[in-house]
Amino acid sequence: MNIAILKENASGETRVAATPSTVKELIKYGLKVSIQSDAGLSSHISNEDFINAGATIIKSKDELLSKANIIVKVLPPTLDQIVLFQSNATVISFCQTTRELDTVKALREQSVTALSMHLIPRTTLAQKMDALSSQANIAGYKAVLIAASELGVYMPLLMTAAGTIRPAKVLVIGAGVAGLQAIATAKRLGAQVEAFDVRPIVKEQVESLGAKFIEVKSDSEDGIGEGGYAKETSEEYKKRQEELIEKHIANADVVITTALIPGKSAPLLIPKTMVDNMRNGSIIMDLASENGGNCELTKMNEIVEHNGVRINGIVDMARLMPIHASELYAKNITALLTYVLKDGQLELNLKDEIVSESMYTHLGEITNEQTKLAMES
């Protein structure tokens, strides 16, 4: 079978879906690997690096896709790429299927089988395939470094001849993979860190990293969703949550927000009124900007200032570390492919949890229920 690795053409996208290491592994599993020319340059992988690993470099996108049985990307395929896909080909990439409906429709009409790395179930067996976690880990790390470099104060406590310098105060909202990495990184830099999450179960993880856990007391299981994700909370909970966050955000030098509910708009946690009460010179790093942002003033892929507060809405901060981001994503992709490959052929067992949950189009049909509902609404 022929697998094609497409070059990412979206502005600012630096990642690639394969590395020389994963090319070698895919060839061992019986695949012929073809890569669009210069696909790895932004990740500092040359065409020669891929050729030495056993891949074929093809300049023409049309030629590359004309024989491809499997197409692998980072971002969802574009409409002009989809029309070149062979019917019955399989494409694997990130795709928020309930939001990117034009892409889903085009794949269905082209009779392409599509699997989204957004939909990989959070199970022990699928851990190696969990690209959301691998990229979120990088984003949480990078967000702290960017904030630290732009902040007008030191991160750590310093004892100097001129007096004592207090540590910066960092508030992390959302203690998932990105949030926990942000906490760990901020603590390494010496900051005083607080963290909030709607799931009380993460309290132990937060405290084990040296941060103070801010908790909304509740007798119910508000905010606790399936697979380790957060879910929508009640109005009463939201009101108490807002009051608590407002109290702590006013004293923070850096606020890092990571709260996302899969397939939905990001919950609004920081309204304009809260930003108005923040310290002049403080920074908000909104890692939920792709889905609208956790801050009311966030603008996707922009950095804005409001009353001296800088709000960073840059999407996919993992792309700012392209070498490791590509390396990890390529490993996630390869783990999924080798799981479904048998004797060099794809065997997509629709009764398998990983296959059925990550698949959203197959044989001209939309197979994911949430995507179907979004398409019909």
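The set of residues in the stretch 305-330 that are assigned to a helix (DSSP H, G or I) and under 15 Å from the mean Cα position of the chain (by Cα) comprises 317, 318, 319, 320, 322, 324, 325, 326, 327, 328, 329, 330. Within the stretch 82-110, being β-branched (Val, Ile, Thr) and under 20 Å from residue 348 (Cβ atoms) holds for 82, 90, 91, 92, 97, 103, 104.
Just to be sure before I move on: is residue 122 at pLDDT below 95 and among the basic types (Lys, Arg) in the structure I sent? Criteria met by residue 122.
When the stretch 234-264 is filtered for residues that are aliphatic (A, V, I, L, M) and either in a helix (DSSP H, G or I) or at pLDDT below 80 (or both), the ones remaining, listed by number, are 244, 245, 249, 261. Considering only residues of the stretch 144-178 that are in contact with a Leu (Cβ under 9 Å, 6 or more places away or on another chain) and within 18 Å of residue 320 (Cβ to Cβ), which is surrounded by the fewest Cβ atoms within 10 Å (Cβ to Cβ)? My answer is 145. Would you confirm, using the coordinates I've provided, whether residue 97 is farther than 25 Å from residue 370 by Cα, under 24 Å from the mean Cα position of the chain (by Cα) and at pLDDT 95 or above? So residue 97 does not fit the description; no.
Residues are listed down the side, and each one gets a yes or a no for (1) without any contact (Cβ under 8 Å) to a residue 60 or more places away in the chain; (2) among the acidic types (Asp, Glu); (3) surrounded by 14 or more Cβ atoms within 10 Å (Cβ to Cβ):
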position	(1), (2), (3)
16	no, no, yes
25	no, yes, yes
28	yes, no, no
38	yes, yes, yes
44	no, no, no
53	yes, no, yes
57	yes, no, yes
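For the stretch 331-358, what are the residues that are among the hydrophobic types (A, V, I, L, M, F, W, C) and within 22 Å of the chain's Cα centre (by Cα)?
Once the filter is applied, which keeps residues that are among the hydrophobic types (A, V, I, L, M, F, W, C) and within 22 Å of the chain's Cα centre (by Cα), the stretch 331-358 yields 333, 335, 336, 337, 354, 355.
Condition test on residue 361, is it crowded, with 22+ Cβ neighbours inside 10 Å, under 22 Å from the mean Cα position of the chain (by Cα) and in a strand (DSSP E or B)? Criteria met by residue 361. Here are the criteria: (1) more than 23 Å from residue 322 (Cβ to Cβ); (2) hydroxyl-bearing (Ser, Thr, Tyr); (3) assigned to a helix (DSSP H, G or I); (4) not assigned by TED's automatic domain parsing to the domain that holds residue 358. Tell me which single one residue 141 does not satisfy. The one condition residue 141 does not meet is (1). Looking only at residues of the stretch 100-119 that are within 19 Å of the chain's Cα centre (by Cα) and farther than 21 Å from residue 315 by Cα, we find that the one that is surrounded by the fewest Cβ atoms within 10 Å (Cβ to Cβ) is 115. Before we move on, is residue 181 of a type outside the set (D, E, K, R) and over 30 Å from residue 352 (Cα atoms)? Considered against the rule, which asks whether it is of a type outside the set (D, E, K, R) and over 30 Å from residue 352 (Cα atoms), residue 181 comes out as yes. Scan the stretch 331-349 and tell me whether some residue there is modelled with pLDDT of 95 or more, in contact with a Lys or Arg (Cβ under 8 Å, 6 or more places away or on another chain) and part of a loop (DSSP other than H, G, I, E, B). There is no residue in the stretch 331-349 that is modelled with pLDDT of 95 or more, in contact with a Lys or Arg (Cβ under 8 Å, 6 or more places away or on another chain) and part of a loop (DSSP other than H, G, I, E, B).
Filtering the stretch 265-298 to residues that are closer than 24 Å to residue 374 by Cα, in a loop (DSSP other than H, G, I, E, B) and of a type outside the set (A, V, I, L, M) leaves 265, 267, 292, 293, 294. Scanning the stretch 331-377 for residues that are of a type in the set (Val, Ile, Thr) and more than 17 Å from residue 107 (Cβ to Cβ) returns 333, 334, 338, 340, 354. Among the residues of the stretch 269-310, those identified as within 20 Å of residue 234 (Cα to Cα) and in contact with an Asp or Glu (Cβ under 6 Å, 6 or more places away or on another chain) are 271, 293, 294, 295. Looking across the stretch 63-85, the residues that are modelled with pLDDT of 95 or more, closer than 30 Å to residue 375 by Cβ, more than 24 Å from the chain's Cα centre (by Cα) and not hydrophobic (A, V, I, L, M, F, W, C) come down to 69, 80.
In the set (1) surrounded by 24 or more Cβ atoms within 10 Å (Cβ to Cβ); (2) farther than 13 Å from residue 334 by Cα, the condition left unmet by residue 48 is number (1).
Scanning the stretch 62-91 for residues that are touching a helix residue (DSSP H, G or I) at 6+ places or on another chain (Cβ under 7 Å) and basic (Lys, Arg) yields no hits at all.
Restricting attention to the stretch 149-156, does a residue exist that is polar (S, T, N, Q) and either at pLDDT below 95 or farther than 18 Å from residue 259 by Cβ (or both)?
Looking for residues that are polar (S, T, N, Q) and either at pLDDT below 95 or farther than 18 Å from residue 259 by Cβ (or both), one finds at least one in the stretch 149-156, hence yes.
The values are calculated or read from the model by the stated rules, or taken from the named source; none is laboratory data. All of these numbers come straight from a predicted model, not from anything done at the bench. Positions of Cβ are backbone-derived with ideal geometry, glycine not excepted, and every protein chain shown enters the neighbour counts.
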